[in-house]
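A.B. asks: This is the structure I have questions about; it appears just below.
The values are calculated or read from the model by the stated rules, or taken from the named source; none is laboratory data. All figures in this text were calculated on a predicted structure; none of them were measured in a lab. Note that we place each Cβ from the backbone using ideal geometry, even for glycine, and neighbour counts take in every protein chain shown. Accessible surface areas use protein heavy atoms only, side chains included; no ligands, DNA or RNA. Shrake-Rupley method; radii C 1.70, N 1.55, O 1.52, S 1.80 Å.
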Amino acid sequence: MKTYFDHEKLDVYREAIDSCGWVGDFLTTTPAKAAAKDQLDPASTSIPLNIAEGNGKFSDADRSRFLEIARGSALECAACLDVLVARKLIATERILPAKEQR
């Protein structure tokens, strides 16, 4: 992928984009209806958006704040997947690729 912006050079940004792709595939192949599933899309989208926005900030404090938000969204995604497993709406094996990624 050709890079146009500085954030696109970041490994963490590219990993976040890959995760968004995985979540998109997961959502289209998971028939269960649950609030945790619905929350997974915006939470996963928030990760690369906040990484990109934070990378564009000039102060360390601003940059750190956006990266903290991105990390929080990543943890929220993990929790959404855990909830789906706990409610027996998906099998643990379905979420292992996402959890093993990072």
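A.B. asks: Please calculate how many Å² of accessible area the chain carries per residue, with a 1.4 Å probe and no DNA, RNA or ligand atoms counted.
C.D. replies: Working: 6560 Å² over 102 residues.
Roughly 64 Å² per residue, with all protein chains present.
A.B. asks: Among the lysines, which fall within straight-line cross-link reach of residue 9, defined as a Cα-Cα distance under 19 Å, with same-chain neighbours fewer than 8 residues apart omitted?
C.D. replies: Those lysines meeting the cut-off are 57.
A.B. asks: At q = 0.19, 0.21, 0.28 Å⁻¹, what is the log10 ratio I(q)/I(0) for the range 1-51, with the Debye formula run over Cα points and no solvent?
C.D. replies: Relative scattering, expressed as log10 I(q)/I(0), comes to -0.65, -0.74, -1.05.
A.B. asks: Which lysines, if any, have their Cα less than 18 Å from the Cα of residue 33, not counting same-chain residues under 8 positions apart?
C.D. replies: Straight-distance partners of residue 33: 88.
A.B. asks: Can you tell me the order of 43-52, 10-19, 60-69 when each peptide is scored by its average per-residue count of other Cβ atoms within 10 angstrom, highest first? Don't jump to the answer; show the numbers that get you there.
C.D. replies: On the way: 43-52: 21.1, 10-19: 16.3, 60-69: 13.5.
The packing order, highest mean first, is 43-52, 10-19, 60-69.
A.B. asks: Over the chain, how many percent of alpha carbon pairs lie in each 5 Å bin up to the one with the longest distance?
C.D. replies: 2, 13, 23, 23, 16, 11, 7, 4, 1
A.B. asks: Run the numbers on the chain and let me know its relative contact order in percent, using alpha-carbon pairs under 8 Å that are six or more apart.
C.D. replies: Averaging sequence separation for qualifying contacts and normalising by length gives 28 percent for the chain.
A.B. asks: Further question: Pop out the carbon and sulfur fraction of the accessible area of the chain as a percent, whole number, probe 1.4 Å.
C.D. replies: Values: 3710 of 6560 Å².
In the chain, the share of accessible area belonging to carbon and sulfur is 57 percent.
A.B. asks: Need one number: nm distance between label points at residue 99 and residue 15, each 7 Å from Cα along Cα→Cβ, rounded to one decimal.
C.D. replies: 1.7
A.B. asks: For the range 71-102 and the range 11-44, compute the distance between their C-alpha centroids and round to whole Å.
C.D. replies: 10
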